[in-house]
């Protein structure tokens, strides 16, 4: 696992000890950043269920101004901190130990241009996280994107109020589903 492009290009990233995380493949990560790279510079990125921090670190490397990483596993949080330190991107990052659902239900202290949701598989957690974000759109800037990484078998169409699915891309056993914040004409 490595940083694909940008400021920290080529840096190898540590894996979280054990088998609790499923890092994104380089192919899927490269495709994701080919899609969002143009609008990423200066943006804020939220990496929920961060694991190794690979996706948020890639965002920072490719120009995001800030990234917040959240995971409830202490080993994952420590791995993310080490990866940020080794890539020299820690000064633009914040790493939090905590539950994603409690976090999304809590006080909004900043807005994000991109939110990446990649929870443990086959537990319906992606649906729960996406719905929590849908009920708290104040976490998102007006033209924010939410990207979900799941196994294609997990996918289901969802009824959402503040988010709308606009794309999906499949890379082997990885499905990336893209949502955008619905424009409110108030």
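No value in this document is a laboratory result; all are computed from the given coordinates. Computed from a predicted structure; not experimentally measured. FYI the Cβ positions are ideal-geometry reconstructions off the backbone, even for glycines, and counts take in every protein chain you see.
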Practice problem: Pairs of Cα atoms under 8 Å, at least six residues apart: use those to get the relative contact order of region 119-186, whole percent. | Solution: 34 percent
Quiz item: Over the chain, what is the percentage of antiparallel beta bridges among all DSSP beta bridges, to the nearest 5?
Solution: 45 percent
Self-check item: Order of 125, 1 - criterion: other Cβ atoms within 10 Å of each residue's Cβ, fewest first
Solution: 1, 125
Exercise. May I ask you to order 42-48, 70-76 by the average number of other C-beta atoms within 10 Å around their residues, highest value first?
Key: 42-48, 70-76
Quiz prompt | the chain, relative contact order in percent, only Cα pairs under 8 angstrom and at least six apart counted | solution = 17 percent
Exercise. Could you order peptides 10-18, 148-156 by the average number of other Cβ atoms within 10 Å of their residues, highest first?
Key: 148-156, 10-18
Quiz item: In degrees, nearest 10, range 0 to 90: what is the angle between the Cα axis of helix 26-36 and the longest Cα principal axis of the chain?
Solution: 50 degrees
Quiz prompt | For region 134-175 versus region 54-119, the gap between their alpha-carbon centres in whole angstrom | solution = 18 Å
Self-check item: Option label - Cα extents along the principal axes in Å computed here, alternatives [x] 47, 38, 26; [y] 75, 44, 25; [z] 44, 33, 30
Solution: [z]
